[in-house]
Amino acid sequence: MSDGTFIRMRDVTKTYGRGTAAFQALRGVSFDIQEGEFVAIMGHSGSGKSTTMNILGCLDSPTSGEYVFRGTHVETLNRDERAMLRRHYLGFVFQGFNLLARTTALENVELPLLYRGMPRQERHDAAREALAAVGLTGWEHHTPAELSGGQMQRVAIARAIVTQPSVLLADEPTGNLDSARSEEIMGLLTQLNRERGITILMVTHEPDMAAYAHRIIRFVDGLVADDERVTGKMTEGTH
Ligand code: ADP
């Protein structure tokens, strides 16, 4: 990448619909994200968080403005090119886990590698390693129905990191979990951020979860209203 930019959004707008039905969900969003950051994205419902995440996740394109990812102007790419970028660099975690039912944890985690055409043994090894990284050694052959919510989210995180993405996009990852399980998942995300250097971009409504991030970007009515650096709940003190 020529200019050292990891993620850059500049004056991004997004308009849904046309004519009198047109609605501008993003009205000129700009921010930069450095590699290795842990960012929480907050804001009321309808403020533009999902629209921003869809653009960051290369699932959608801005109506106008720039989205540069690792030096690539994503707004100039077509759907297939965006999909390539997504598969290579991005991992996704959702509120509802989105695991395949009646499919073991190992198989769920292997799926993105299967799409890449990775040979069977390599796939198994990588999936086992990812499950170990989320604390699920011994649970490889369990199906989602046999796992708790917290364990299901761990499987989903293993599936997201098995391709060694540089960015993890998490959309309310603790939205379906109780507070103890939420804290565990946030601890895990913090660990992945710190130990693997994975950049984490996480939408959350919960201040307790946002407190784990090192930066909070707040949206109001399709604009960034506030962008502040915070200490991060699990940041070790100076010794
Ligand atoms: P948030 O994630 O903060 O709740 P969204 O990005 O989902 O906000 O939505 C921002 C605004 O754009 C909302 O008013 C929503 O109704 C509108 N919107 C989102 N997606 C669409 C769509 N596909 N078509 C029309 N309007 C949409």
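The values are calculated or read from the model by the stated rules, or taken from the named source; none is laboratory data. A quick note: this is a predicted structure, and the numbers were derived from the prediction, not measured. Because the Cβ atoms are built from the backbone with ideal geometry, glycine has one as well, and the counts that use them run over all protein chains shown. Protein only, heavy atoms only, side chains kept; ligands, DNA and RNA dropped before computing areas. Shrake-Rupley method; radii C 1.70, N 1.55, O 1.52, S 1.80 Å.
Some observations on this one:
- Looking across the range 50-66, the residues that are within 13 Å of the ligand (Cβ to nearest atom) and outside any loop (DSSP other than H, G, I, E, B) come down to Ser50, Thr51, Thr52, Met53, Asn54, Ile55, Leu56.
- The lone exception for Pro165 - which of (1) outside any helix (DSSP H, G or I); (2) open to solvent by 30 Å² or more (accessible area, probe 1.4 Å) it fails: (2)
- First in the range 106-127 and farther than 12 Å from Thr163 by Cβ, second anywhere and assigned to a helix (DSSP H, G or I) and open to solvent by 30 Å² or more (accessible area, probe 1.4 Å), Cβ under 6 Å, 6 or more apart: Asn108/Arg159
- Being crowded, with 22+ Cβ neighbours inside 10 Å, modelled with pLDDT of 95 or more and either part of a strand (DSSP E or B) or not β-branched (Val, Ile, Thr) (or both) holds for only one residue in Ala180, Ala132, Ala145, Ala213, and it is Ala213.
- Among the residues making up the range 36-69, none is among the basic types (Lys, Arg) and surrounded by fewer than 18 Cβ atoms within 10 Å (Cβ to Cβ).
- Unique residue being aromatic (Phe, Trp, Tyr), in contact (Cβ under 8 Å) with a residue 12 or more places away in the chain and within 15 Å of the ligand (Cβ to nearest atom) when the list is Phe94, Phe69: Phe94
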